[in-house]
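The values are calculated or read from the model by the stated rules, or taken from the named source; none is laboratory data. No experiment lies behind these values; they were computed from the predicted model shown. Here the Cβ positions follow ideal geometry from the backbone for every residue, glycine too, while neighbour counts run over all protein chains shown. The accessibility values were calculated without ligands, DNA or RNA, using every heavy atom of the protein model including side chains. Shrake-Rupley method; radii C 1.70, N 1.55, O 1.52, S 1.80 Å.
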Amino acid sequence: MKDVALAAGVSTATVSRTLMNPEKVSSQTRQKVEQAVLDVGYYPHNLSKNLKRNESKTILVIVPNISDPFFTDVVCGIEETAAQHGYLVLIGDCKHQQKHENAFINLIITKQIDGMLLLGSHIPFDVSKEEQKNLPPMIMANEFAPELELPTVHIDNLTASFRATHYLQQMGHKRIACITGPEDMPLCRYRLQGYIQAMRRTGVPLREDYIIRGDFTHESGAESLKKLISLPEPPTAVFCHSDIMAIGVMWQAKKLGLELPKDLSVIGFDNLDITRYSEPALTTMEQPRYQIGRESMLLLLDQLQGRPVAPGSRLLDCDLIIRDSVCRLKS
């Protein structure tokens, strides 16, 4: 505690007050103390923990956007596996708690959590390789950030995207558009690269106007299709980086008077439950969402129990689910 006080430029009493009663100190002081705690690597005891084993039996799961239906089954896989081993799961929603970084930091510095599962690339605190020594055990799931050197459970997004695009090519399509996800998400960069590789493999010149940036919402899918259809030579098929955007594309296509899949073939990504009930039923790349959650939690348990866990990828299979939203292009 003296080291923390020295690093923060405050008294030990202020350090104690910040950790035990943070509402009684100013936000500026709290931030200085919290940063000093992380820098020093100090973990105070917490009365709610099992003091004999020095564990809280609680896991923090950081989710990019809890309202995105993709994460429902991932979190179910985590929670059910955690419960089987006596752990409680806390959910931290990055999108809707961006202003509550201190809440996550407080859980870490007071050691109210034993480990973390990171489901996205947007993390509300520093998880750089240098800072990892002061953080509890962590596993990445769904995303892949090799620079962090964390154990990671995910699919091969590049290969999956290549397969989706190649399937459209096998169905006779050459004018294939791609509606991507956010540029700052690594998995979107891999999926875009898979699309580009598939297109270049056929020798067809890559058209930049066929690549449109979306944001995983229905609205971005719909708006992207309006741009594509307005081109002098619109695409005959669209590959979307998510099912949600693909459903937005199909909705907009019908609104514009297009007949699916005769006038436009559409393929999505994720195989959400809703894709079976869309009209037409959506062809998509299936992600093993529950399995991603389960396997990542099992890896974290291995770390918590002292078993060696090597950094790097644990790749799960991703299958193409063929339904009615893609048809063979008539020559």
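As I understand it, the value is the acute angle between the Cα axis of helix 157-170 and the longest principal axis of the Cα atoms of the chain; what does it come to in degrees, rounded to 10? Its long axis makes an angle of about 10 degrees. For the set Glu143, Glu219, Glu295, solvent exposure ranked by accessible area (probe 1.4 Å, protein chains only) runs largest to smallest as Glu219, Glu295, Glu143.
Under a point-charge model restricted to the Cβ atoms of Lys and Arg (+1) and Asp and Glu (-1), what is the dipole moment magnitude of region 237-331 relative to its Cα centre, in debye to the nearest 20? Walk me through the numbers on the way to the answer.
Numbers: 11 positive and 12 negative charges, 29 e Å.
In total the dipole reaches around 140 debye.
Placing unit charges on the Cβ atoms only, positive for Lys and Arg and negative for Asp and Glu, gives region 113-270 a dipole magnitude near 900 debye about its Cα centre. Surface exposure of the chain, expressed per residue as accessible area with a 1.4 Å probe, stands at 47 Å². Accessible-area rank, largest first, for Arg323, Arg163, Arg189: Arg189, Arg163, Arg323, with all protein chains present and a 1.4 angstrom probe. Summarising the amide proton neighbourhood of Leu231: residues at separation of 5 or more, or on other chains, whose placed amide H is nearer than 5 Å comprise an empty set. Computed from backbone phi, the HN-Hα couplings of region 214-219 come to x, 9, 6, 10, 4, 4 Hz, rounded to whole numbers (Karplus: 6.51 cos²θ - 1.76 cosθ + 1.60, θ = phi - 60°; Gly and Pro given as x). To the nearest 10 degrees, how steep is helix 243-255 against the longest Cα principal axis of the chain, on a 0 to 90 scale? With rounding to tens, the tilt is 40 degrees.
For the set Asp209, Asp273, solvent exposure ranked by accessible area (probe 1.4 Å, protein chains only) runs largest to smallest as Asp273, Asp209. Looking at the chain alone, DSSP beta bridges between its own residues are antiparallel in about 10 percent of cases.
Give me the percent relative contact order of the chain, please, defined on Cα pairs under 8 angstrom at least 6 residues apart. Relative contact order, the chain: 18 percent. Can you give me the Cα centroid spacing of region 23-41 and region 129-201 in angstrom? Here the answer is 37 Å between Cα centres. For the residue pairs Lys227/Lys254; Lys2/Lys57; Lys226/Lys255; Lys227/Lys330; Lys174/Lys330; Lys255/Lys330, alpha carbon separations beyond 21 Å are given by Lys2/Lys57; Lys227/Lys330; Lys255/Lys330.
Close amide H contacts of Asp93 (hydrogens built in the peptide plane, cut-off under 5 Å, sequence separation of 5 or more or a different chain): Val63.
Please state the relative contact order of region 134-180 as a whole percent: Cα pairs under 8 Å, 6+ residues apart? Don't skip to the end; give the middle numbers.
Values: 24 pairs, mean separation 11.2, N = 47.
Worked out over region 134-180, it gives 24 percent.
The angle between the Cα long axis of helix 289-304 and the longest principal axis of the Cα atoms of the chain comes to about 30 degrees, rounded to the nearest 10. Derived scalar couplings between HN and Hα for region 11-16 equal 7, 5, 5, 5, 4, 4 Hz in order, rounded to whole Hz, by the Karplus curve 6.51 cos²θ - 1.76 cosθ + 1.60 (θ = phi - 60°), x for Gly and Pro.
Using +1 on the beta carbon of Lys and Arg, -1 on that of Asp and Glu, and nothing else charged, what's the dipole of the chain about the Cα centre, debye to 20?
It works out to roughly 100 debye.
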